[in-house]
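Below: the structure, in structure tokens.
The values are calculated or read from the model by the stated rules, or taken from the named source; none is laboratory data. Predicted model only: the values in this text are computed from it and were never measured. Glycine also receives a Cβ, built like all others from the backbone with ideal geometry; neighbour counts cover every protein chain displayed. Quick note on the areas: whole protein, heavy atoms, side chains included, nothing else; ligands and nucleic acids left out. Shrake-Rupley method; radii C 1.70, N 1.55, O 1.52, S 1.80 Å.
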Amino acid sequence: MKKTILLLLFIFSINFVFADSPLTSTDFGNAYLDIPIVQKAFVSKGSITNEMMDYIDDDANPLDIKLAIINSLGWEHKGVVLSKIFLMYVMKKKNYQSEYNNDYLAFKYYATRDELICYAYMKALDNYFDVVEAFEIAGDALRKSPDSFAVNMIYNLIKCQGLTAFGEYCYASQLFLSLKVNPKLKMDMRKESMGYVLEYMTSIGENCKDK
């Protein structure tokens with residue numbers, strides 16, 4: 001199943017371009033605009049600062065606020081690759097190393113759950129036309145924390161990005177909305193933020209209502 005989804009995402013990355021999509025239409029960061037650092041991200045026009053990266057890579061800070069910062073940075077970065085900047089920052093700070101002298105492999109192996117899912121989300125927003133690698137990294141984060149609603153939400157937003165490209169609105173919508181009623185998940189997002197995500201995921205399900 002995973003190989004099938006990866007193949008779909010790969011084909012999507014080559015053939016499909018659209019701005020109205022799960023990744024670009026779910027502005028849940030708006031529910032966190034009472035938090036100063038999220039406000040700064042919102043008005044930064046896609047520019048990430050050291051203060052933001054410090055916050056995102058601090059294990060003591062809540063994951064939902066980290067994701068709200070990334071969401072508020074948005075997806076229009078004017079050629080700036082936020083995920084690359086963040087990866088370089090983490091590697092310098094944590095000094096992760098692999099026997100192959102490969103920063104990316106070292107990051108994948110040693111990175112924390114938060115680092116993995118935040119990097120995956122940044123990477124998906126950096127280039128939502130090609131989310132294959134972001135999907136794989138999000139899967140690594142999910143294996144570390146399968147009961148986190150926040151991790152599951154980002155993982156499924158990336159996954160649904162590919163599904164909707166093929167007109168799989170019903171499957172994408174049902175897949176995502178099932179998170180809301182999954183009793184095994186720990187709700188580690190603000191309830192107010194869910195409206196921004198669930199409204200869009202419900203709306204795309206309307207495309208297959210009568211099928």
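Does any residue of the range 80-92 turn out to be closer than 20 Å to PHE28 by Cα, open to solvent by less than 20 Å² (accessible area, probe 1.4 Å) and among the hydrophobic types (A, V, I, L, M, F, W, C)?
From the range 80-92, those closer than 20 Å to PHE28 by Cα are 82-83; that's our starting set.
Still in the list and also open to solvent by less than 20 Å² (accessible area, probe 1.4 Å): 82-83.
So of that shortlist, the ones also among the hydrophobic types (A, V, I, L, M, F, W, C) come out as 82.
For the range 80-92, residues closer than 20 Å to PHE28 by Cα, open to solvent by less than 20 Å² (accessible area, probe 1.4 Å) and among the hydrophobic types (A, V, I, L, M, F, W, C): present.
ASP210 - would you say it is modelled with pLDDT of 95 or more, open to solvent by 10 Å² or more (accessible area, probe 1.4 Å) and of a type in the set (Asp, Glu)?
Values: modelled with pLDDT of 95 or more: no; open to solvent by 10 Å² or more (accessible area, probe 1.4 Å): yes; of a type in the set (Asp, Glu): yes.
Spelling it out, it is not the case that ASP210 is modelled with pLDDT of 95 or more, open to solvent by 10 Å² or more (accessible area, probe 1.4 Å) and of a type in the set (Asp, Glu).
Going through the range 177-211 one residue at a time, which ones are part of a helix (DSSP H, G or I), in contact (Cβ under 8 Å) with a residue 40 or more places away in the chain and touching a helix residue (DSSP H, G or I) at 6+ places or on another chain (Cβ under 6 Å)?
Step one: of the range 177-211, the residues part of a helix (DSSP H, G or I) are 177-181, 191-208.
Cutting the leftovers down to in contact (Cβ under 8 Å) with a residue 40 or more places away in the chain gives us 192-197, 200-201, 204, 207.
Within the range 177-211, GLU192, SER193, TYR196, VAL197, MET201, ILE204, ASN207 qualify.
For the range 182-194, how many residues are farther than 15 Å from LEU23 by Cα and either of a type outside the set (A, V, I, L, M, F, W, C) or modelled with pLDDT under 90 (or both)?
Residues of the range 182-194 that are farther than 15 Å from LEU23 by Cα, as a first pass: 182-192.
If we keep only those that are either of a type outside the set (A, V, I, L, M, F, W, C) or modelled with pLDDT under 90 (or both) as well, we get 182-184, 186, 188, 190-192.
Residues flagged as farther than 15 Å from LEU23 by Cα and either of a type outside the set (A, V, I, L, M, F, W, C) or modelled with pLDDT under 90 (or both) within the range 182-194 amount to 8.
If we keep just the residues of the range 30-75 that are basic (Lys, Arg) and open to solvent by 50 Å² or more (accessible area, probe 1.4 Å), which is modelled with the highest pLDDT?
Pass one, the range 30-75, residues basic (Lys, Arg): 40, 45, 66.
Adding the requirement that they be open to solvent by 50 Å² or more (accessible area, probe 1.4 Å) leaves 40, 45.
On the way: LYS40: 97, LYS45: 88.
Only one residue fits best here, namely LYS40.
Do we have ASP114 as within 24 Å of ASN30 (Cβ to Cβ) and not aliphatic (A, V, I, L, M) here?
Here the answer is yes, as ASP114 does meet what is asked.
If I go through the range 136-156 residue by residue, how many of them are open to solvent by less than 40 Å² (accessible area, probe 1.4 Å) and either β-branched (Val, Ile, Thr) or not in a helix (DSSP H, G or I) (or both)?
5
Quick check on PHE135: is it aromatic (Phe, Trp, Tyr) and touching a Leu at 6+ places or on another chain (Cβ under 6 Å)?
Numbers: aromatic (Phe, Trp, Tyr): yes; touching a Leu at 6+ places or on another chain (Cβ under 6 Å): yes.
Spelling it out, PHE135 is indeed aromatic (Phe, Trp, Tyr) and touching a Leu at 6+ places or on another chain (Cβ under 6 Å).
Considering every residue within the range 148-158, establish whether at least one is among the small types (Gly, Ala, Ser) and at pLDDT 95 or above. Don't jump to the end; show me each part of the working.
The first filter runs over the range 148-158 and keeps only residues among the small types (Gly, Ala, Ser), leaving 148, 150.
The next check asks that each one be at pLDDT 95 or above; those that pass are 148, 150.
Within the range 148-158 (the criterion being among the small types (Gly, Ala, Ser) and at pLDDT 95 or above), the answer is yes, since at least one residue qualifies.
Of all residues in the range 93-124, which are acidic (Asp, Glu), open to solvent by 10 Å² or more (accessible area, probe 1.4 Å) and either more than 23 Å from GLU51 (Cα to Cα) or under 20 Å from the mean Cα position of the chain (by Cα) (or both)?
GLU99, ASP114
When the range 161-176 is examined, which residues are found to be open to solvent by less than 50 Å² (accessible area, probe 1.4 Å) and in a helix (DSSP H, G or I)?
Within the range 161-176, GLN161, GLY162, LEU163, THR164, ALA165, CYS170, ALA172, SER173, LEU175, PHE176 qualify.
Which condition breaks for GLU133 when tested against (1) open to solvent by less than 70 Å² (accessible area, probe 1.4 Å); (2) charged (D, E, K, R); (3) more than 18 Å from LYS159 (Cα to Cα)?
Among (1) open to solvent by less than 70 Å² (accessible area, probe 1.4 Å); (2) charged (D, E, K, R); (3) more than 18 Å from LYS159 (Cα to Cα), GLU133 violates only (3).
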